[in-house]
1. Can you work out which of the residues in the range 119-175 that are part of a helix (DSSP H, G or I) and either of a type in the set (V, I, T) or on the phi > 0 side of the Ramachandran plot (or both) is modelled with the lowest pLDDT?
2. When you scan the range 24-58, how many residues do you find that are at pLDDT below 80 and surrounded by 11 or more Cβ atoms within 10 Å (Cβ to Cβ)?
3. Does the range 176-188 contain at least one residue that is modelled with pLDDT of 90 or more, under 30 Å from V28 (Cα atoms) and in a helix (DSSP H, G or I)?
4. Of everything in the range 76-126, what is surrounded by fewer than 18 Cβ atoms within 10 Å (Cβ to Cβ) and of a type in the set (D, E)? Give them in sequence order.
5. Does L79 meet the test of being assigned to a helix (DSSP H, G or I) and at pLDDT 95 or above?
6. For P72, only one of the following conditions fails: (1) under 27 Å from P146 (Cα atoms); (2) assigned to a helix (DSSP H, G or I). What is its number?
7. Pick from V70, V95: which is in contact with a Phe, Trp or Tyr (Cβ under 8 Å, 6 or more places away or on another chain), of a type in the set (V, I, T) and more than 21 Å from D179 (Cβ to Cβ)?
Amino acid sequence: MAIRLQIRHADKLENKRLMRLHRAKRFVLPLTLSTATHYANEVIRSLSEASAILRSTPNGRLSGHWSPPVFPSEIPVSLGEFVETSDVETVNALVSELLRQIQILNARLVSLIADEDVFRLGINMNIAEYQLQAAKIRQLCGALFPYARGQSEDVPTELERGPVVSSLRFNGTAAPDDDFESVIERFQSVGKPWWTANDDR
């Protein structure tokens, strides 16, 4: 009997500790989302500059003329720690997708310089696709902000394509050209949300 009570007491203390830890991680989540949103904005702006450089330089090269925005390395750490302490699966799915998208985007931006010669023919299309991905990151952050700020306990279970495209067209940071329009048209042509919580990836 005494051992059983000790186990229950230990479990209760551990549950309280985990709850405090989760509250702490949720408390810093708005700052992490703000940092991720700022990074996504900088990526879109910077990629427009890269596109202009490719059009204006004689040999159309980025190396020596452009570098991607500095990646905030604290973002993956913060998001990963949040998921580790959260048992809300719908929120975890959204946070995990944000973590996936932002890490992939960073790797792709690095490859624009490191593998420029390999992907030279399709580089303008890549730039447009990476701007689209950055806009997805902004949408993911926007979907998480109400939960992070304690304004809601619910999060979307799917994300539509329209707001992604609208944010690129109307914020003045993306530089529309034929490649950009082609990427946007292909993205919009899919008649379903670009992300759903039960998407197996």
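The values are calculated or read from the model by the stated rules, or taken from the named source; none is laboratory data. Values in this document were obtained by computation on a predicted structure and should not be read as measured data. Note that we place each Cβ from the backbone using ideal geometry, even for glycine, and neighbour counts take in every protein chain shown.
1. Ranking the qualifying residues of the range 119-175, first place goes to I123.
2. 3
3. So far as the range 176-188 goes, no, none of its residues is modelled with pLDDT of 90 or more, under 30 Å from V28 (Cα atoms) and in a helix (DSSP H, G or I).
4. E81, E84, D87, E89, D115, E116, D117
5. yes
6. (2)
7. That would be V95, the only listed residue that is in contact with a Phe, Trp or Tyr (Cβ under 8 Å, 6 or more places away or on another chain), of a type in the set (V, I, T) and more than 21 Å from D179 (Cβ to Cβ).
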